[in-house]
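Quick note: the coordinates plus some simple rules give every number you see, no bench work behind them. On a predicted model such as this, the values are computed, not experimentally measured, just so you know. Note: ideal-geometry Cβ built from the backbone for every residue, glycine included; neighbour counts use all protein chains shown.
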Amino acid sequence: MKYVECNSIDVYIDNLNGLDVEATQVGSGRFFSTNRNVKLPLIEINHWRINTSILYHGALAQDKIYLSFPIERESQIIDGKVFGSDSILAVLPDEDLLVLHPKLVETMDFLIPLAVLQDYYKYQNLTDTLPSLKNLRNKTTFSNIENLKIKQLINYTLSVIDQVSQWNYLAAVDAQDTILVNILEILGESGGKKIICSSKHRVVVVKRALAAIHKEPKSNLTIVELSNICFCSIRTLEYSFKSILGCSPKAYLIKRRLNLIKHEIKCSPEKSISRIAIDFGVVNAGRFSNDYFMYFGEYPSDTRNK
């Protein structure tokens, strides 16, 4: 995790990764901003706080999209049109925008390559999908489900930023998977897109996914890898699991991992529980212990001592 304090607009512009923009301070007072930047294997995260109003003019790199979720912000003006404080700013590849941010802005921003987005929208035409992202800016109100998902995404991403420096590669990929799936669900809810998938097809998808999961000795598959194996989009994979098994593929992978850890604790008494947990990509020992107890009704140490 990289932390940057910007005491001038010039330093701030230098840290606008992936954006080719000009920025001008239009609010009064001394300029000050902070940025916590995290680069996961496929996406980049920026947690911005800015203390004064800024006018941006510029574009995004051709091969990426930029999504900005408000944590604290008043209304903003994009190309002369006023958008509400809850609006999500989606900047499309090569899109030229004029954006006026109000004073005191805190946002969670994601820079996502188009290739990654294509993996998550597999078998859907990105030419048709990208305009639906742009329409996010036009939403004036969000449903309770949408607001909950956005809040969950922001809170989870904040926890990732706080902890990622302590994680191994597997844990970083796991966190990235969770973030991308959550973003996908928000985009699906906001875009009003419905998943059409027959019952027979859903069963085939789940069976193929389970076969792949149970072949993997440490349950290290990511959601993208699983969707590739199942020849379906992430959304179809999510829908299939929830309709057939009553849980998301992510939740199933977590349960699978807990079962594998329990087996390892029983069969490898020479290895410490913390070492076993780390080997399976666990980074938060306290949360792991609580999840383990909720699932098995006992703590890892209880399993070891039986």
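Tabulated values for the structure
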| quantity | calculated |
| --- | --- |
| Ranked list, fewest to most other Cβ atoms within 10 Å of each Cβ, for Lys266, Lys255, Lys64 | Lys266, Lys255, Lys64 |
| Sequence of Thr303, Thr24, Thr222 once ranked by neighbouring C-beta atoms within 10 Å, starting from the fewest | Thr24, Thr303, Thr222 |
| Inverse of mean 1/r across different Cα pairs in the range 264-306, Kirkwood, Å | 10.5 Å |
| Lysines with Cα under 16 Å of Lys215, excluding same-chain neighbours fewer than 8 positions away | Lys207, Lys255 |
| Calculated [θ] (222 nm, deg cm²/dmol) that DSSP helices of n ≥ 4 give over the chain, each run adding -39,500 (n - 2.57) | -14500 deg cm²/dmol |
| Set Lys218/Lys250; Lys151/Lys250; Lys139/Lys250 screened for pairs whose C-alpha atoms are more than 22 Å apart | Lys139/Lys250 |
| Sum of side-chain charges, Leu260 neighbourhood, beta-carbon under 12 Å (Lys, Arg +1; Asp, Glu -1) | +3 |
| Distance from the range 18-78 to the range 143-184 (C-alpha centre basis), Å | 19 Å |
| Angle in degrees between helix 249-267 and the longest Cα principal axis of the chain, rounded to the nearest 10 | 40 degrees |
| Residues Val91, Val224, Val11 arranged by fewest to most Cβ contacts within 10 Å | Val11, Val224, Val91 |
| Cα→Cβ-extended label distance, 7 Å offset, between His201 and Glu22, nm | 4.9 nm |
| Protection proxy ranking of 285-298, 155-168, 238-251 - average other beta-carbon atoms within 10 Å, highest first | 238-251, 155-168, 285-298 |
| Translational diffusion of the range 2-172, µm² s⁻¹ [Kirkwood Rh, Cα pairs; Stokes-Einstein; 10 °C; 1.306 mPa s] | 94 µm²/s |
| Cross-link partners of Lys266 among aspartates and glutamates (Cα-Cα below 14 Å; sequence separation of 8 or more within a chain) | Glu298, Asp302 |
| Gained length - Glu106 relative to Ile244, 0.36 nm times residue gap less alpha-carbon distance | 45.8 nm |
| Nearby lysines by direct alpha-carbon distance to Lys200 (threshold 21 angstrom, same-chain neighbours under 8 apart not counted) | Lys122, Lys242 |
| Extension gain (nm, one decimal) between Glu72 and Ala115, 0.36 nm per residue minus Cα-Cα | 12.5 nm |
| Distance (nanometres) between label positions extended 7 Å along Cα→Cβ at His263 and Asp79 | 5.4 nm |
| At R0 = 45 Å, FRET efficiency that the Cβ-Cβ distance of Asn135 and Asn220 yields, to 0.05 | 0.80 |
| About the Cα centre, charge dipole magnitude for the chain (Lys/Arg +1, Asp/Glu -1 at Cβ), debye | 1520 debye |
| Stretchable slack from Ala212 to Arg30, in nm (0.36 nm times residue separation minus alpha-carbon distance) | 59.9 nm |
